[in-house]
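Participant: There's a structure below that I have some questions on.
The values are calculated or read from the model by the stated rules, or taken from the named source; none is laboratory data. Since we're looking at a predicted model, the values are computed, not measured. Glycine also receives a Cβ, built like all others from the backbone with ideal geometry; neighbour counts cover every protein chain displayed.
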């Protein structure tokens, strides 16, 4: 997981993913230590047979419980790791389904979401575009049963310099935490202009 050099801190999703990695690693080491520390006993020790059997039985029951617990923890860690990164694009919003991303109605719906549902949506980097009109980041906007994609023009790359330098290739699927952009309209189109961002979190 990588953050841009100009930003500090972790978003909640980034913390979850990092803990998932540490959890998986720690649990794997724990299971491995059980196996190495407690190999199958093949010879009876210099104790009575009954005492030896009880000792061995109790020891293996304990190890069995520890192993089962460790595997449960690993399963939870794996589920946590799968929750990382850009979500699938699932949309039931009728406006986004009906219109194309370059049409007024589509962009007006994005404006509405930015105003009324900003706290319920997330932003993810979907690409980098450079043409005669300038440089843009392609953004995926995701929420509950909402997925929209749009271009946001960037003129000040101070907080997004890593994305610009790599043309987005090294940051594909990165989370754009606290992304803010304004809209500008003319007679033919609506344009989105980058304003600010809190941090960029790359899960690769």
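Participant: When you go through 152, 95, 129 one by one, which is the residue that is surrounded by 19 or more Cβ atoms within 10 Å (Cβ to Cβ) and not in a loop (DSSP other than H, G, I, E, B)?
Facilitator: Values: 95 fails: surrounded by 19 or more Cβ atoms within 10 Å (Cβ to Cβ); 129 fails: surrounded by 19 or more Cβ atoms within 10 Å (Cβ to Cβ).
Result: 152 is the single residue among 152, 95, 129 that is surrounded by 19 or more Cβ atoms within 10 Å (Cβ to Cβ) and not in a loop (DSSP other than H, G, I, E, B).
Participant: I need the full set of residues from segment 98-118 which are exposed (fewer than 15 other Cβ atoms within 10 Å of the Cβ) and without any contact (Cβ under 8 Å) to a residue 12 or more places away in the chain, in order please.
Facilitator: Within segment 98-118, 98, 100, 103, 105, 112, 115, 116, 118 qualify.
Participant: Same structure, new question: Please go through segment 159-192 and give me each residue that is within 17 Å of residue 130 (Cα to Cα), at pLDDT 95 or above and exposed (fewer than 15 other Cβ atoms within 10 Å of the Cβ), ordered by number.
Facilitator: Across segment 159-192, the qualifying residues are 161, 165, 166, 167.
Participant: Residue 187 is checked against (1) in contact with a strand residue (DSSP E or B) (Cβ under 6 Å, 6 or more places away or on another chain); (2) part of a loop (DSSP other than H, G, I, E, B) and fails just one. What number does that condition carry?
Facilitator: With (1) in contact with a strand residue (DSSP E or B) (Cβ under 6 Å, 6 or more places away or on another chain); (2) part of a loop (DSSP other than H, G, I, E, B) applied to residue 187, the lone miss is (1).
Participant: Against the conditions (1) in the same structural domain as residue 154 (by TED's automatic domain parsing); (2) under 25 Å from the mean Cα position of the chain (by Cα); (3) not in a strand (DSSP E or B), where does residue 105 fall short? Just the number, please.
Facilitator: Result: residue 105 passes all but (2).
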